[in-house]
Amino acid sequence: MSASRVISDLKSLASARHAFEQQRFYKTSPGEYGEGDVFLGISVPKVRKVAGQYSNLTFTEIEKLSKSDFHEVRLCALVILCNQFKKSKELSQKKSIFDFYMKQVLSGRVNNWDLVDVSAPTIGQYLAETKNPMPVLRKLSKSKDLWERRTGMIFTFAFLRAGELNPTYEIAERLLDDGHDLIHKAVGWMLREMGKRDPALLRTFLTEHSKVMPRTMLRYSIEKFSERERKMWLVQSK
């Protein structure tokens, strides 16, 4: 198994028309968050299918994929990594995958919202199984890099799934003043997920912060409330 085989398989599925659509959807024009990203034009299900055929790819070969200019090749690398993580039984194996993943994040290779969102909820399970995960989440939340901050927020999805709500609450508080819309959406999404598990805790968060929350963040966070309650929070936050 090799990175070159993976890339060859992916390129055989490329579509110029779909690539053009993806370039627009993922904001790749100058000055946009995905500036310079290049697409082959492959749907996510097709990328996942290719990834499933290379589940035993080594870190060396996965890293070659993660360095690719092509978005779908980097996505495939992350799906392979997540598949390996899900099969790992020992914490030491999960740590190796987590450390490798963080190398890709900190190297700027997990560099669009879909790449973060497809990988962080799974790889973040390692942190949820460790004794002191908060320093990692706090450091990411303070990063100057948009994707590192989003990774820190989306990592907390793994904690929510494990029944731990406090990490989401704390990291959401730390990102209240963030200026980027993609962070507002990520925080609102995680708060909404927190609210599914504990509506009272979300209401506590909103009581403390709704007046300073960016509007997008607030709207995302209250999506599962009744229409009447949504209107109440929106009015009160003005």
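Derivation of every value follows stated rules applied to the coordinates shown; laboratory data play no part. Everything quoted here is computed from the prediction, not taken from an experiment. Here the Cβ is made from the backbone with ideal geometry for all residues, glycine too, and neighbour counts use every protein chain on show.
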Item checked: Cα convex hull of the chain, projected area averaged across orientations, nm² -> 13.4
Item checked: Nonlocal amide H pairs with Val38, under 5 Å, H built at 1.01 Å -> His71
Notebook entry, point to check: Percent relative contact order of the stretch 171-219, based on C-alpha pairs within less than 8 angstrom and at least six residues apart?
Noted result: 45
Margin query: Please list, in order along the stretch 109-124, the HN-Hα scalar couplings obtained from phi with the Karplus expression 6.51 cos²θ - 1.76 cosθ + 1.60 (θ = phi - 60°), rounded to whole Hz, x for Gly and Pro.
Written below: 9, 9, 10, 7, 5, 5, 5, 5, 6, 7, 10, 4, x, 7, 5, x
Notebook entry, point to check: If contacts are Cα pairs under 8 angstrom and at least 6 residues apart, what is the relative contact order of the chain in percent?
Noted result: 12
Check: Given H placed on each backbone N at 1.01 Å, which residues far from Lys224 in sequence or on other chains put an amide H within less than 5 Å of it?
Finding: none
Note to self: Along the charge dipole of the stretch 1-90, pointing to its positive end and built from +1/-1 on Cβ of Lys, Arg, Asp and Glu, which listed residue (Cys82, Phe39, Gly52) has its Cα farthest out?
What the structure shows: Gly52
Check: Taking the Cα atoms only, what angle lies between the long axis of helix 16-25 and the longest principal axis of the chain, rounded to 10 degrees?
Finding: 30
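So which trypsin sites (Lys or Arg not before Pro) in the stretch 1-43 are both in a DSSP loop and have at most 15 other Cβ atoms within 10 Å of their Cβ?
Numbers: sites: Arg5, Lys11, Arg17, Arg24, Lys27; in loops: Lys27.
When the trypsin sites (Lys or Arg not before Pro) of the stretch 1-43 are filtered for loop state and at most 15 Cβ neighbours within 10 Å, Lys27 remain.
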Checklist line | Karplus (6.51, -1.76, 1.60) ³J(HN,Hα), θ = phi - 60°, over the stretch 198-207, in Hz, Gly and Pro reported as x | finding: 8, x, 5, 5, 5, 5, 4, 4, 5, 4
Item checked: Dipole magnitude of the stretch 1-90 about its Cα centre (Cβ charges: Lys, Arg +1; Asp, Glu -1), debye to nearest 20 -> 360
Check: If you build a Gaussian network model of the chain, linking Cα atoms that sit under 10 Å apart, which residue out of Thr156, Thr58, Thr204 swings the most?
Finding: Thr204
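Order of Thr28, Thr168 from fewest to most other C-beta atoms within 10 Å?
Numbers: Thr28 18, Thr168 26.
Ordered by Cβ neighbours within 10 Å, fewest first: Thr28, Thr168.
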Margin query: If you average the C-alpha positions of the stretch 160-224 and of the stretch 56-76 separately, how far apart do those two centres end up, in angstrom?
Written below: 32
Next item on the list: Could you calculate, for the stretch 82-133, the ratio of the Cα radius of gyration to the Kirkwood radius, expressed as Rg to Rh?
Entry: 0.96
Next item on the list: Please find, in a Gaussian network model of the chain (springs between Cα atoms separated by less than 10 Å), the residue of Leu218, Leu137, Leu106 whose mean-square fluctuation is greatest.
Entry: Leu106
Next item on the list: Report the residue, chosen from Phe25, Phe85, Phe159, that carries the largest GNM mean-square fluctuation when the chain is represented by alpha-carbon nodes joined by springs under 10 Å.
Entry: Phe25
Margin query: Name the residue from Val6, Ile154, Leu182 whose Cα lies farthest towards the positive end of the charge dipole of the chain, charges +1 on Cβ of Lys and Arg and -1 on Cβ of Asp and Glu.
Written below: Ile154
Note to self: Spelling out what I want: for every residue of the stretch 65-81, take phi, set θ = phi - 60°, compute 6.51 cos²θ - 1.76 cosθ + 1.60 (Karplus), and round to whole Hz; glycine and proline get x.
What the structure shows: 5, 5, 8, 5, 6, 7, 4, 5, 5, 5, 4, 4, 4, 5, 5, 4, 4
Notebook entry, point to check: Is the shape of the stretch 72-172 rounded, prolate or oblate, going by the alpha carbon gyration tensor and its root eigenvalues a ≥ b ≥ c, with a/c under 1.5 for rounded and a/b larger than b/c for prolate?
Noted result: oblate
Note to self: Using Cβ contacts closer than 10 Å as the measure, can you line up Cys82, Cys76 from fewest to most?
What the structure shows: Cys82, Cys76
Checklist line | Whichever aspartates and glutamates have a C-alpha closer than 14 Å to that of Lys89, once near sequence neighbours (fewer than 8 apart) are set aside | finding: Glu129
